[in-house]
Every structure is written in C-alpha cells, then in structure tokens.
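Below: one structure, written as structure tokens.
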Amino acid sequence: MFKTLGESLATALALKPLVANANHCEVVIAPVFTALKSVADRLEGSNIRVAAQNCAAEQKEGAFTGEVAAFMVRDAGCSHVIVGHSERRQYFFETDEMVSRKTQAGLAAGLRVIVCVGETLEQRDQGNAERVVSEQLVGGLSGLTASDLDRIIVAYEPVWAIGTGRTATPEQAQEMHAFIRRVFAERHSPAAAAELRILYGGSVKPDNMAGLMKQPDIDGGLVGGASLNAESFAQIVNYK
C-alpha cells in the first residue's frame, strides 16, 4: 500500500529506460489497484509487465463489495497477479484453500499467477519450515492441470527474514528453493519442476541480488521495499 496514482506513474516511467535493455529476465511491477490501468497503458510496448498484488477468489461478477476479480485485473492491462503473499496470509488470514481459489481465478482470467509460500520465525525455530512450505505449495496449487502449471511462478518468502533482524543467506534460500522444486517434482513431474520459476522474496536488495542469483534453484526476485525506488529496482534487475 504505497504511492498515489501520480507517484506510481512517475516511478514506472522512471524505471522504463533503466531496464529497457534487460534481455536476461522478465520485468514485472505490481502497483496498487488504483494505478494499474494508468501504469499499464503508459508501459504498453515496453518490456515491463504489470501485475496486481491480489485478486478475488470469485471468478464471476457478483455481490462481493470491495473485491476485484482477476478478469478485471486482466482487463486493466495486467499480465500477472500475486496471490498468497505473506502479508495477505498474516493480516487478512488467507488460507491455502483461498490461495488455491485465487490461483484458479487468475489462471481462468488468462493471467500468470505468482503464488507465494513461506514460513514464519516461530515455524522455522520449531523445525517446521519444510512442512509449512510443502503444505502451502500443495494446498495453493491443488487441482491444477499440466497446462495450468506452465503459467505458475512460485515465490518463496522467508517471513522470518523480513523485518526481524535475521537474514537468510543465499545458501539458506537455495536450500528451500531446492526443496520446493523437489516437492513440485513429486507432486507433478520432474519436467514441470525443471521449468518452474522460483523467485526469492526475503529483503532482496541491490547488494545481495547477484549472490542470490548464483544459486542454482533461485530464478529471480520478488522485491519489496527496494522496488519503491526506480533506481534501486533497476540495479536489482541489472544485477549482472
């Protein structure tokens, strides 16, 4: 919940030339709902895609005051949607079943869906990190077909490394990313797991992106605070 419409546009337009030559990756930004259409329109024809930070679990119009459907997000110019973000789970009590419904709604609307998973500090300290992440992954992706999986991106957010003073090392991040890929392979297929993109979302910054990207199972970043500034986000995109 950052930036007005004008601020969102200014940041997106400042970012545009800074990442224009980023051919090594896909660049996606996720402004607030009120800015989606304007930002998407101004970035049309560029290499920057637009995502919504959330969508409703319902797939059709209806009396769900305050909700925004995935097909509305697509209509506003988005190509992606984020579901199951740690803050949605923490503050709005979203369950794996709800994440699954939102994932299916996003796919039905023709969007690529970024599904977030991750454990809290308490869960990690209790030795339950892998169990929690596995349950979130299996629950959030339940009922999907092989073709659906082609449009899924998984983002691992170690909630314990966000604002706690504890930092996940690239090796710790790699360990969980490799685990996620194994679970995906067992649940679906080794081929689908090999193709799966897994993003790391634990305090990604310009000074740690290169180290993270050296890990074999880290395919990109889900960037939080560092994405609010065009220059810092561009440094992350252009980490090479």
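Miscellaneous remarks
- Selection count where residues are over 16 Å from the mean Cα position of the chain (by Cα) and more than 19 Å from E97 (Cβ to Cβ), scope region 138-150: 2
- Residues in region 112-133 that are assigned to a loop (DSSP other than H, G, I, E, B) and in contact (Cβ under 8 Å) with a residue 60 or more places away in the chain: G118 only.
- Residue list for region 51-66, restricted to those being surrounded by fewer than 17 Cβ atoms within 10 Å (Cβ to Cβ) and touching a residue at least 12 places away in the same chain (Cβ under 8 Å): E58
- All positions within region 87-110 that are touching a residue at least 60 places away in the same chain (Cβ under 8 Å) and buried (at least 21 other Cβ atoms within 10 Å of the Cβ): none
- Identity of the residue in region 111-159, polar (S, T, N, Q) and surrounded by fewer than 16 Cβ atoms within 10 Å (Cβ to Cβ), that ends up farthest from N54 (Cα to Cα): Q126
- Counting only residues that are hydroxyl-bearing (S, T, Y) and in contact with a Lys or Arg (Cβ under 7 Å, 6 or more places away or on another chain), region 169-200 holds 0 of them.
- V28 at pLDDT 95 or above, touching a helix residue (DSSP H, G or I) at 6+ places or on another chain (Cβ under 8 Å) and aliphatic (A, V, I, L, M): no
- Boolean, E186 is out of contact with any strand residue (DSSP E or B) (no Cβ under 8 Å at 6 or more places or on another chain), over 26 Å from T11 (Cα atoms) and acidic (D, E): yes
The values are calculated or read from the model by the stated rules, or taken from the named source; none is laboratory data. Worth saying up front: this structure is predicted, and the values here are computed from it rather than measured. Counting neighbours? That spans all protein chains shown, and the Cβs are built from the backbone with ideal geometry, glycine included.
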